[in-house]
Every structure is written in C-alpha cells, then in structure tokens.
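Data first, discussion second: the structure below is written as structure tokens.
The values are calculated or read from the model by the stated rules, or taken from the named source; none is laboratory data. Keep in mind it's a predicted model, so treat the numbers as computed, not measured. Quick reminder, even Gly has a Cβ in these numbers, built from the backbone with ideal geometry, and neighbours come from all protein chains shown. In case anyone asks, the SASA skips ligands and DNA or RNA and just uses the protein heavy atoms, side chains included. Shrake-Rupley method; radii C 1.70, N 1.55, O 1.52, S 1.80 Å.
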Amino acid sequence: GEQPDIVPEALLPAVGAFSDWIKKSQISVIQGDTKVFSLKYNYGGALDALGVGDEGEFVLVDFKTSKSGKYNEYALQTAAYAVAFEETYGVEIRRAVVVRFSKEQPVEFEATEVKSVNKSFKAFLAAKELSDLMKEKHFIE
C-alpha cells in the first residue's frame with residue numbers, strides 16, 4: 001500500500017516495533033489480511049500476512065498482541081491457516097511465524113517460528129474434533 005503521510009503519535013511505538021521486525025525477519029510481506037477456508041475440514045479464518053523468506057519460500061505470518069507469552073494454540077492456528085491457504089489458493093506453505101507485539105511501552109516484538117506445520121495441523125485437527133464432540137450431548141435424557 002501507500003505510505004501514510006502522518007502516523008498518529010500514539011501508534012509510533014507499534015509502527016517502530018513492526019519496522020524493527022520487518023528489518024530483522026528477512027521476510028518480505030507480499031499480502032495482508034487474507035481470508036481462507038477449508039471445505040475438507042470445515043473451518044475458516046483470516047491470516048494476517050503472507051511473505052516470502054530469504055530462500056524464496058512462502059511464509060505465513062500471524063500477529064499477536066499480548067502482555068507476554070507464546071502459546072501452543074498459536075502454532076495450531078497458524079498451521080490451520082497454512083493448510084486452508086493451500087486448499088483455497090493452491091500454494092503450499094511450509095513455514096509459519098507468530099510475531100507477538102507487546103501492548104505496553106516499550107513496544108517490542110517476539111518472533112517465533114512454528115516447528116512443524118504438519119504436526120501442528122494434526123494437533124489442530126485433534127483439538128477441533130474434541131471441540132466438535134464436546135458440543136454434543138453425551139447423556140441419554
């Protein structure tokens with residue numbers, strides 16, 4: 001997109017942290033907020049960004065804002081987005097990165113790569129199945 005003329009002062013720390021991450025990540029963001037859906041597994045969502053890594057590979061990027069921490073659920077979510085992206089657009093994603101930006105000053109970032117998109121997706125499917133099953137009634141009335 002176009003560079004804004006003026007960044008509101010309240011957003012400057014967040015914009016600075018994002019710029020720092022872009023410089024250090026060696027990922028070129030090529031696409032922003034993208035809707036994906038899996039007809040095969042019946043779920044959908046919106047990934048935050050798609051990039052190209054330093055070796056030319058596609059990288060799915062998910063941004064989080066929180067006080068601290070990284071959670072396994074983040075890996076499951078990004079893996080699900082990667083699989084749905086492939087189903088939707090026909091492009092395989094083997095790398096996924098979660099970038100957490102702090103909510104408080106100083107705004108900093110923490111980037112963590114998903115260890116295995118395939119294993120995280122298997123865990124996502126197991127969690128989805130459990131969630132779906134827990135919505136059912138399990139007692140005879």
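One table, with the values for the structure above:
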{"quantity": "Qualifying lysines (Cα of each under 24 Å from Cα of residue 135; at least 8 residues distant if same chain)", "calculated": "40, 122"}
{"quantity": "Solvent-accessible area per residue for the range 59-132 (1.4 angstrom probe, square angstrom)", "calculated": "58 Å²"}
{"quantity": "Share, in percent, of DSSP beta bridges within the chain that are antiparallel, nearest 5", "calculated": "70 percent"}
{"quantity": "R0 of 30 Å, Cβ-Cβ distance residue 71-residue 9: FRET efficiency to nearest 0.05", "calculated": "0.45"}
{"quantity": "Theoretical gain in end-to-end length, residue 28 to residue 139 [0.36 nm per residue, Cα-Cα removed]", "calculated": "34.7 nm"}
{"quantity": "Dipole in debye (nearest 20) - the chain, about Cα centre, beta carbon charges: Lys, Arg +1; Asp, Glu -1", "calculated": "500 debye"}
{"quantity": "Partners for residue 23 among lysines (Cα-Cα distance below 23 Å; same-chain residues under 8 apart left out)", "calculated": "64, 67, 70, 103, 115"}
{"quantity": "Kirkwood-type radius of the chain, with distances r between different C-alpha atoms, in Å", "calculated": "16.5 Å"}
{"quantity": "Positive-end extreme of charge dipole, the chain - chosen from 76, 51, 96 (charges on Cβ)", "calculated": "76"}
{"quantity": "Length-normalised contact order for the range 1-110 - Cα pairs under 8 Å, 6+ apart - percent", "calculated": "26 percent"}
{"quantity": "Sequence ranges 57-68, 127-138, 37-48, ranked by mean other-Cβ count within 10 angstrom, highest first", "calculated": "57-68, 37-48, 127-138"}
{"quantity": "Charge dipole (the chain, unit charges on Cβ, about Cα centre) - positive-most of 22, 140, 124", "calculated": "140"}
{"quantity": "Accessible area of the range 1-133 belonging to carbon and sulfur atoms, whole % at 1.4 Å probe", "calculated": "52 percent"}
{"quantity": "C-alpha long axis of helix 72-89 to longest principal axis of the chain, angle in °", "calculated": "90 degrees"}
{"quantity": "Computed [θ] at 222 nm, deg cm²/dmol, the chain (DSSP H ≥ 4; -39,500 (n - 2.57); rounded to nearest 500)", "calculated": "-12000 deg cm²/dmol"}
